[in-house]
Amino acid sequence: MLRRDPRSCFTATATASLLVVDAWFDVTASQPGPELATAVVMAVCAELPMAALCTVPAVRARPSRTRDKGPDTDGSDLQVNAATGFSPK
């Protein structure tokens, strides 16, 4: 992430997803009473905030679709080639 590599968004997204799933699983699998209270506190105070912190760099590092496209993307720069189909000018 320090190098601003766009592939880091995948790691951050996977980490955030696993943290949310872990919080959900801990809360749903715990017994009522102190075990449930501990699971809820851990989810609210630790796992979900960390998931949110992982989501921010994931959104910022995601690859942009507009980088790879040319200046004119409405299709007017394409011409029909009878032998091969559509091809760029």
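A short reminder: the numbers here are calculations on the coordinates, not readings from a lab. Everything numeric in this text was worked out from a predicted model, so none of it was measured. Virtual Cβ from ideal backbone geometry, glycine too; neighbours counted across all protein chains shown.
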Nitroxide proxy distance, nm - points 7 Å out along Cα→Cβ at THR38 and VAL56: 3.0
Need one word for the stretch 1-66: rounded, prolate or oblate. Basis is the Cα gyration tensor (sqrt eigenvalues a ≥ b ≥ c); a/c below 1.5 gives rounded, then a/b vs b/c decides. prolate
